Structures are given as structure tokens and as C-alpha cells.
1. Skipping prolines and chain starts, which residues have an amide H placed within reach, meaning under 5 Å, of the one on THR147, given they are 5 or more residues away or on another chain?
2. Quick check on the chain: of the DSSP beta bridges with both residues there, what percent are antiparallel, nearest 5%?
3. Can you tell me the orientation of helix 124-135 relative to the chain, as the angle in degrees between its alpha-carbon axis and the longest Cα principal axis, to the nearest 10?
4. Please list, by residue number, every one of the trypsin sites (Lys or Arg not before Pro) in segment 202-261 that is coil in DSSP and has at most 11 other beta-carbon atoms within 10 Å.
5. Would you please put 181-189, 57-65, 161-169, 18-26 in order of how densely packed they are, using the mean number of other Cβ atoms within 10 angstrom per residue and starting with the highest?
6. I'd like the orientation of helix 156-168 relative to the chain: the angle between its Cα long axis and the longest Cα principal axis, in ° from 0 to 90, rounded to 10.
7. Using alpha carbons only, how many degrees (0 to 90, rounded to 10) separate the axis of helix 13-33 from the longest principal axis of the chain?
8. To the nearest 20 Debye, how big is the dipole of segment 81-199 about its Cα centre, given +1 on the beta carbon of each Lys and Arg and -1 on that of each Asp and Glu?
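Bear in mind that the values in this text are calculations on the coordinates, not laboratory data. Note that the structure is a prediction, hence the values are computed from the model and not measured. Counting neighbours? That spans all protein chains shown, and the Cβs are built from the backbone with ideal geometry, glycine included.
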Amino acid sequence: AKLDGRGTFRFFEPAMDERMQARRRLELDMRQALARREFQLHYQPQLNLETDRLVGCEALIRWQHPERGTVPPGDFIPLAEEIGLIVPIGEWVIRQACRDAAAWPAPVSVAVNVSPAQFKSDRLVETVISALSNADLPAGRLEIEITEGVLLQENERTLHTLYRLRELGVRVSMDDFGTGYSSLSYLRSFPFDKIKIDRSFVHDMAKRPDGEAIIRAIAGLGRSLGMTTVAEGVETEDQMRRIRAEGCTEVQGYLVSRPLPVADLVGLLAGR
Ligand code: C2E
Ligand code: CA
Ligand code: CA
Ligand code: CA
């Protein structure tokens, strides 16, 4: 610590300065990343447990940074949300995912994550309509995944947007189910097509005595509400066996496959 010119102690400022600068740099880089085509989509397959067939894929964004290498979404999506860049990035994701899916050798669905700021922009529905029509992809093959964050400030506009997507024939999933405070009440506000059970529940399953009871309860809830249930983050045969036994509809996780570059996914779908 040292006394600065104005006579105040500066303990943490150098470190804070560095953090602010790193953030500024990331922000500037991100503003150019779209134009420089540094974003990519990887796709993680989803397996139906009744038919043992791949029924869909989740699109997961990757940033190929020229100096940093691959930046995972957790390191830039929150900042993109904060500064509004998530809207153009999210539009690119929807358009690219529709284009990719239209060219796949099997008519599996493609799921896209839409974050709260993007959901609130007026453009979402128009973007979806134009992405589907440009790619010539049937609306029934597109899924929109939203988290509780979208419903947090639930109002008429949020619901209106959800119903407009639904009218188009797009499916809507509740992501990370069970991690927030009011997951259950959100199921009441909108008839979701899918519930994605957060991977923390899958991981807890074998470790806690009541772990399986929770999965069983959510699977049952899904059945009674007519919603598909997807267990996320399934990594082991043991977890898979338990998930099957509890009656979930689908699984997604490293055991089935890691998220894949699109060319590898096409190979998998073509049975190569
Ligand atoms: P998410 O939507 O819950 O996506 C699932 C995350 O779990 C992915 O991380 C995926 O790679 C990871 N995962 C899949 N299977 C397993 C497994 O068996 N074990 C473990 N430990 N992890 C598994 P990823 O790709 O790093 O994405 C993290 C989050 O970033 C996503 O969580 C989502 O919230 C966000 N995200 C990713 N792509 C997009 C996007 O295009 N738009 C928006 N708005 N958010 C995105
Ligand atoms: Ca997701
Ligand atoms: Ca999730
Ligand atoms: Ca998540």
C-alpha cells in the first residue's frame, strides 16, 4: 500500500485496474469476433432412452480467440449479456444452428440457448422466423432453451413471446431445471415441451440417499404434464442405468458424446 497524490491509501487498485483492463480487452475482442468469424457451434447429441436413437443436439457456442485459444462460453456469455452483445451473437447462433441442422443427414432437432437479454429484445421471434425460412428448416426441428432467468421478470411480453414461438411450431425447453428457487412455479406459467434436469442432480444421484428420489419425482412430473425429461451431464454407466430406471425420456452427457464440431456430428448421424 502507498499513499497516492491525493493522500488516500490505495490497497487494491492495481489488481482492480488489471481486472478492469482485462475486461475491456475481452469486450473489444468480442465486438470484433463476429465479423472475424471467430465463433463456432459445437453440437452435443441427445439420446432417447426408449428407442436408443439420437433425437437431437444442443448447440453450444465456442470462441476461437486468435491469442487465447478456445474461450468457453462461461467466460464470455455473461459479459456479452451485460453489454448487450448477446443479441447479435445470439442471432448468429440461431441462424447458424438452423443452417447446420438443415444439412444434417437425419432429421434430428437442434436446441439453441437463448439468454434473458436476448429473449427480451423485440427481435427474437422475427429472427427465428427468418432463420427458419432462410435455412428451409421445419419449425418443429428447432428448440429454444431458456433458464429461469428469462422468467424471473415474467410478464405478459415474456409469455407472449413464448406463445408466439409455440404457434410457429418451435419447441421450448426449461433448462437447468431445479437450480433456481421457483422452478416448479415456472412450470405452471408456461406449458414447456421439455424439462432439462440440471446435471448437479445427476451427479448427486449416487452420492446422496435421496438423490434418485428427486430424479424419479421430476421424471414423474414430466410424464403427468406431458413434458419430455432430459437428464443432463450423464458421465458414467452407473448414472445411465439409474436414469433409465427412474424413467427419464432422454439423456445428454459425456457418456453419450462430448459436444462435437459439426463435421464430426454429421459423421455420427450418417453412421460413419
Ligand atoms: P448449458 O446450457 O447447461 O449447457 C450444458 C453444458 O454442460 C455445456 O457446457 C456442456 O459442454 C456441458 N456438459 C455436457 N455434458 C456434460 C457432462 O457429462 N459433464 C459435464 N461436467 N459437463 C457436461 P458449455 O458448452 O461450457 O456451456 C456452458 C453454458 O454456457 C451452457 O450451459 C449455457 O448456459 C451457455 N451457453 C453455451 N452456448 C450458448 C449460446 O449459444 N448462447 C447462450 N446464451 N448461452 C450459451
Ligand atoms: Ca442448455
Ligand atoms: Ca443445462
Ligand atoms: Ca447452465
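1. Under 5 Å from the amide H of THR147 lie the amide H atoms of ASP175, each far enough along the sequence or on another chain.
2. 50 percent
3. Around 60 degrees separate the two axes.
4. Working: sites: LYS207, ARG216, ARG223, ARG241, ARG242, ARG244; in loops: LYS207.
Hits after loop and neighbour filter: LYS207.
5. On the way: 181-189: 13.4, 57-65: 20.8, 161-169: 16.6, 18-26: 11.8.
By packing density, highest mean first, the sequence is 57-65, 161-169, 181-189, 18-26.
6. That helix lies at roughly 50 degrees to the long axis.
7. Between helix and principal axis, roughly 50 degrees.
8. That gives segment 81-199 a dipole magnitude of about 280 debye.
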